[in-house]
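*Asks:* Encoded as structure tokens, here's the structure I'll be asking about.
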Amino acid sequence: AVAYEAQGNLLGQATAIHYMALADFNLGYWSQSEQANAESEAILSAMGEPGLQLLGASLNLQGQLLLALGQPEQSIETWQQAAITYASAKDSTGYLGAELNRARALQILGHHSRSQQLLARLIVDINEQSDAALKASGLKLLGTALRSMGELEESQSLLTESLASVQK
């Protein structure tokens, strides 16, 4: 990050800091991750369009941090911001990932109907997804939401399809 800063390469600097934040998050160093992520977000917010995709990733990580710290309501709002940012960057995979994270947080809060409504709007995107893990995650979330609402047949179908998509 220091080398990029010395070169005046803000995107490189923000990317390096973002990867440090991701590493800290994966190691369970949440306060360090939050601090590095905030630093990356500050750089990216000042950059505008060239940094939008990475800003979406940074917001996505912030949502994960908030959820890990027991703040699912704030994570939902942050993932909504991430989805909007990804959409502005024309990153459909990032957009879908942020929306799936938001649906998962809604389920954690017991808002299965809201989660199901969100996922129902995304089902076409989920089914067209070439990323098997992302597709499986979306189908599983929708299947889980439907199961909690008593839609057992449709839930079973989606959960089976989710499993099949990762076994290919």
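*Asks:* Name the single residue, out of those in the stretch 1-51 being within 19 Å of ALA89 (Cβ to Cβ) and touching an Asp or Glu at 6+ places or on another chain (Cβ under 6 Å), that is surrounded by the most Cβ atoms within 10 Å (Cβ to Cβ).
*Replies:* ILE17
*Asks:* Being of a type in the set (D, E, K, R) and closer than 25 Å to LEU27 by Cα narrows it down to one residue among ARG102, ARG114; which is it?
*Replies:* Checking each option against the conditions leaves just ARG102.
*Asks:* Report yes if some residue within the stretch 88-110 is more than 30 Å from GLU41 (Cβ to Cβ) and in contact with a Leu (Cβ under 8 Å, 6 or more places away or on another chain); otherwise report no. Explain how you work it out, then say what you get.
*Replies:* Our first condition is that a residue be more than 30 Å from GLU41 (Cβ to Cβ); within the stretch 88-110, this holds for none.
No, there is no match, as no residue in the stretch 88-110 is more than 30 Å from GLU41 (Cβ to Cβ) and in contact with a Leu (Cβ under 8 Å, 6 or more places away or on another chain).
*Asks:* Output the residue which, of all residues in the stretch 123-147 that are in contact (Cβ under 8 Å) with a residue 24 or more places away in the chain and surrounded by fewer than 15 Cβ atoms within 10 Å (Cβ to Cβ), is nearest to ILE76 (Cα to Cα).
*Replies:* Among residues in the stretch 123-147 that are in contact (Cβ under 8 Å) with a residue 24 or more places away in the chain and surrounded by fewer than 15 Cβ atoms within 10 Å (Cβ to Cβ), the one nearest to ILE76 (Cα to Cα) is ALA133.
*Asks:* Additional query: Here are some residues: TYR95, TYR86. Which one is over 20 Å from LEU159 (Cα atoms), buried (at least 16 other Cβ atoms within 10 Å of the Cβ) and modelled with pLDDT under 95?
*Replies:* Unique residue meeting the criteria: TYR95.
*Asks:* What's the total number of residues in the stretch 66-81 that are under 19 Å from MET20 (Cα atoms) and buried (at least 22 other Cβ atoms within 10 Å of the Cβ)?
*Replies:* Residues that pass the stated criteria total 0.
Residue-by-condition table, conditions (1) closer than 17 Å to GLN80 by Cβ; (2) in a loop (DSSP other than H, G, I, E, B):
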site: ARG114; (1), (2): yes, no
site: LEU118; (1), (2): yes, no
site: ARG121; (1), (2): yes, no
site: ILE126; (1), (2): no, no
site: GLN129; (1), (2): no, yes
site: GLY143; (1), (2): no, no
site: GLY150; (1), (2): no, yes
site: GLU154; (1), (2): no, no
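*Asks:* Can I ask one more? On the given criteria, is THR78 within 22 Å of HIS111 (Cα to Cα) and of a type outside the set (Gly, Ala, Ser)?
*Replies:* The answer is yes for THR78.
*Asks:* Would you check if there is a residue in the stretch 100-122 being among the charged types (D, E, K, R) and open to solvent by less than 40 Å² (accessible area, probe 1.4 Å)?
*Replies:* Checked the stretch 100-122: at least one residue is among the charged types (D, E, K, R) and open to solvent by less than 40 Å² (accessible area, probe 1.4 Å).
The values are calculated or read from the model by the stated rules, or taken from the named source; none is laboratory data. Here the structure is a predicted model, which is why all the values come from computation and not from measurement. Using ideal geometry, Cβ is built from the backbone for each residue, glycine included, and neighbour counts are taken over all protein chains shown. In case anyone asks, the SASA skips ligands and DNA or RNA and just uses the protein heavy atoms, side chains included. Shrake-Rupley method; radii C 1.70, N 1.55, O 1.52, S 1.80 Å.
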